[in-house]
1. Whole-Å semi-axes of segment 122-238's equivalent ellipsoid, largest first, each the root of 5 times a Cα gyration tensor eigenvalue?
2. Just the projected area, averaged over all directions, of the convex hull on the alpha carbon atoms of segment 1-147: how many nm²?
C-alpha cells in the first residue's frame, strides 16, 4: 500500500520574544492511501502547525516530509506549488482570504491544478457543488454561509481535484453530534472513493471515531493511542454494505 503522507523526525519551533519555542518535536507518522488518521489535541498544542508542515507550506527545522512517496522537504516554491495543486487538498476553518463567491472559491482549486478550459471548470464546480447540496449557495459569500455550509464548501474545494492527501484542520470543531457524524461519513467516503490518505486535526475524540489511527498531540510530541489498518478493500466494503441493505 502506497504512502499518502510520511513525516520522519519532524521538528518545528517559533521565535516568541527572546525565546525559541518548540511546537513539534521529533514527530513521525505515516498515513497510507485510503487510510484515515486523526491527531487529537487542545488549542495551541500545534495541530495547525502539523497540518501546515504536512502540506509543505511550512518549512521544518529538522526532519523530512513525504507526500505520495515524494519528498517535499527542500523543494523549490515552484515545485511545492505544483504538488499542492495536484496532490493535496486542504480543508480549514478560515475560508477564502479574498471576497469570493462559493463558486469562485471552489474553482480556484481547479485553476491552480491544471489547464482546464473555463467551460470544464464551470461544469465541474457546478457538479461538485450539487453533490454537496450547495447549488443554492453558489453565488454567496463566505460571510453569508451557515457553519455547516462552510464545512461543505471547504470539503468541496479540497476534494474537487481528487487529491492523494486530504488534510483537515479542525473543521469539525463546534459541530453538533449529528452534523459531526455526517461530516465523518463524508470524510470516510472521500478516502474510499478517491483513495486518498486523510489526516484530520481534531479537538475531541468523538471526531476521531472513524480514524484507523488516532494520535494525541501535546507538548510538541505525538503519542499513538489507537491503530488498525484503517483500510478496507473497496469491493469487500461494497459487498458488506449490499448485504446489510
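Computed from the coordinates by the stated procedures, all read-outs in this text should not be read as laboratory data. Everything numeric here is computed off the predicted structure, so don't read it as measured data.
1. Details: eigenvalues 135, 69, 30 Å².
After scaling each eigenvalue by five and taking roots: 26, 19, 12 Å.
2. 11.1 nm²
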